[in-house]
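Undergrad: Below is the structure I would like to discuss, written out as structure tokens.
All of the numbers you see were taken from the coordinates with simple rules; none came from a lab. Owing to the predicted nature of the structure, the values given are computational and were not obtained by experimental measurement. Here the Cβ positions follow ideal geometry from the backbone for every residue, glycine too, while neighbour counts run over all protein chains shown.
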Amino acid sequence: MGMRPGEAHWFKGRRINDHATHVLTFRSTWDLFQRDLPSGPSPGNIKKTASGLIVPAPLQMRAADVDVYVSRRRPYWEHEKRARRDDACLGPMSNESGEFLTAVSYRRSQFTHPAPAAAIAPPGPPAR
């Protein structure tokens, strides 16, 4: 049973440890970057206090994922030593409640790390 538009849904995420939870993965697959597909909208101007980051297009049959975490007490990055070595750590951002928002950028095979079926959108109209 799917959600109806506008219906509230509480998502608990995937608990990593006592202080960190994986809450979201942004995924861009290789096929989104084909020449015959239209470009997405421009993000506009970035505020002086913000950072604009680009994740390069992944190789064929691979995905560029950005895993997002919420943590308490201290920032959390999965596989932090490796992520720092690969310059894949994003954040932290913090709020007044003492929570931290962090992210790690990955390149993953779509065969060994497929997207969950519920996260796959139906096919759109064919490209012109």
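Undergrad: Taking residue 40, is it free of Cβ contacts under 8 Å to residues at least 12 places away in the same chain, closer than 27 Å to residue 11 by Cβ and among the small types (Gly, Ala, Ser)?
TA: Numbers: free of Cβ contacts under 8 Å to residues at least 12 places away in the same chain: yes; closer than 27 Å to residue 11 by Cβ: yes; among the small types (Gly, Ala, Ser): yes.
Yes: the conditions hold for residue 40.
Undergrad: Follow-up question, since we're still on this one. Out of the stretch 80-119, which residues are at negative phi, without any contact (Cβ under 8 Å) to a residue 40 or more places away in the chain and exposed (fewer than 11 other Cβ atoms within 10 Å of the Cβ)?
TA: Result: 81, 85, 95, 96, 97, 112, 116, 117, 118.
Undergrad: Continuing with this model, one more query. In contact with a Lys or Arg (Cβ under 8 Å, 6 or more places away or on another chain), assigned to a loop (DSSP other than H, G, I, E, B) and aliphatic (A, V, I, L, M): is that true of residue 115 in this structure?
TA: Yes: the conditions hold for residue 115.
Undergrad: Can you tell which of 20, 50, 57 is among the hydrophobic types (A, V, I, L, M, F, W, C), over 30 Å from residue 126 (Cα atoms) and surrounded by 13 or more Cβ atoms within 10 Å (Cβ to Cβ)? Before you say what the answer is, go through the steps one by one.
TA: Values: 50 fails: surrounded by 13 or more Cβ atoms within 10 Å (Cβ to Cβ); 57 fails: over 30 Å from residue 126 (Cα atoms).
None of the others qualify; the one that does is 20.
Undergrad: Just for the stretch 61-108: of the residues that are assigned to a strand (DSSP E or B) and of a type in the set (Phe, Trp, Tyr), which one is farthest from the chain's Cα centre (by Cα)? It would help to see each step written out before you state the result.
TA: Going through the stretch 61-108, the residues assigned to a strand (DSSP E or B) turn out to be 62-72, 89-94, 99-108.
If we keep only those that are of a type in the set (Phe, Trp, Tyr) as well, we get 69, 100, 106.
On the way: 69: 10, 100: 16, 106: 9 Å.
Once the filter is applied, the top-ranked residue is 100.
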